[in-house]
Amino acid sequence: MKNFEFIFAAYTVGWAVFFVYYLTVIRRLGRAEEELQRLKEMLQGK
Amino acid sequence: MGRSRQSDAVRMGLAVLVGLLVIAGAYAIFFVAPMEASQREIQRIFYFHVGSAWTAGVAFLIVFIANIGYLSKRAPMWDRLAVSSAEVGLAFCTVVLITGPIWAKPVWGVAWVWDARLTTTAVLWLLYVGYLLLRSFLDDPARRAVASAAFGIFAFLDVPLVYFSIRIWRTQHPQPVIAGGEGSGLDPMMWRVFLFNWVALLGVMALLIWKRYRVEALLREVEELEVEIAWKEADAASRSVLAGQNN
């Protein structure tokens, strides 16, 4: 297949962008859940 | 709790469906869509590049609608939807700006030219980066929501400019293939493969916005709890001062 490296690069890098973005969202979700739990416990402890 | 589990199950079901659409779409791109006569194989980037561009346009349209919704109703859900959609739209716009030059290099001989279409798209990317930066600079949730909504409405003005740029000006970027008037058009099978892949990308967009919206909702809950704790601490401090004065 001619220009295979360009087609491969476009699809690989493109999907990698979505995947990396998804990972950042998951990480932020985990942090927010932890923070929320910590604050709830703090509030209950008062 | 039950509702949350139900929501997780729906999201999981949608994720599986979108995953299957993406796989079937990739198969259609490489094994079903006919070969384009002049560009040959490299034209297969079209399905991802243009599909991502259209999806970014939809995401930015959601931002625009949510911005207007927030300014007219002042309901926090509009602000959450706007920022979630802006981030996801930016991810799709990034893909457009990466796949475009990769496609251009073997076809044009250069990866980038400062023509109207490429420049307005780069400006679009910068505008939504600016939108997210503006939000990160403002701590007060109400001010942040109003300022970013106003900026978001302004930023959206570039979307029709991107769309019409190849219709108004002569550009290195190809003239419109879809809805481009006489002499333009896609092979019917290419058109079907394109639409199928666009639906798959819209599904990816919807899932990402949904997940990102959840983050934003939790962050607002965190902000509210922080305010509540600060009030309680201030209240407890003033009570202890009063108790000290009474003693």
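Observations, loosely collected:
- Candidates B:Phe64, B:Phe48, filtered to the one that is buried (at least 23 other Cβ atoms within 10 Å of the Cβ) and aromatic (Phe, Trp, Tyr): B:Phe48
- Selection within region B:200-236: residues that are within 17 Å of A:Val25 (Cβ to Cβ) and among the basic types (Lys, Arg). The member of this set that is farthest from the other protein chains (Cβ to nearest Cβ) is B:Arg220.
- Number of residues in region A:9-46 that are assigned to a helix (DSSP H, G or I) and either at positive phi or basic (Lys, Arg) (or both): the value is 5.
- Top-ranked residue in chain A [being more than 7 Å from chain B (Cβ to nearest Cβ) and acidic (Asp, Glu); ranked as farthest from B:Val222 (Cα to Cα)]: A:Glu5
- The condition (being among the aromatic types (Phe, Trp, Tyr), closer than 15 Å to B:Val83 by Cα and touching a helix residue (DSSP H, G or I) at 6+ places or on another chain (Cβ under 6 Å)) is satisfied by just one residue among B:Trp125, B:Trp112: B:Trp125.
- Any chance B:Leu208 is in contact with a Ser or Thr (Cβ under 7 Å, 6 or more places away or on another chain) and within 18 Å of B:Ser84 (Cα to Cα): no
- Residues located in region B:22-49, provided they are among the hydrophobic types (A, V, I, L, M, F, W, C) and within 19 Å of A:Ala16 (Cβ to Cβ): B:Val22, B:Ile23, B:Ala26, B:Ile29, B:Phe30, B:Ile45, B:Phe48
- Scanning region B:85-119 for residues that are over 20 Å from B:Tyr47 (Cα atoms), more than 9 Å from chain A (Cβ to nearest Cβ) and crowded, with 21+ Cβ neighbours inside 10 Å yields B:Ser85, B:Ala86.
- Failed item, numbered, when A:Ala9 is tested on (1) within 30 Å of B:Ala236 (Cα to Cα); (2) out of contact with any Leu (no Cβ under 7 Å at 6 or more places or on another chain): (1)
Values quoted throughout were computed directly from the atomic coordinates according to the rules given, and no laboratory measurement underlies them. Quantities reported herein were computed from a predicted structural model and do not represent experimental measurements. Neighbour counts run over all protein chains shown; Cβ positions are idealised from the backbone, glycine included.
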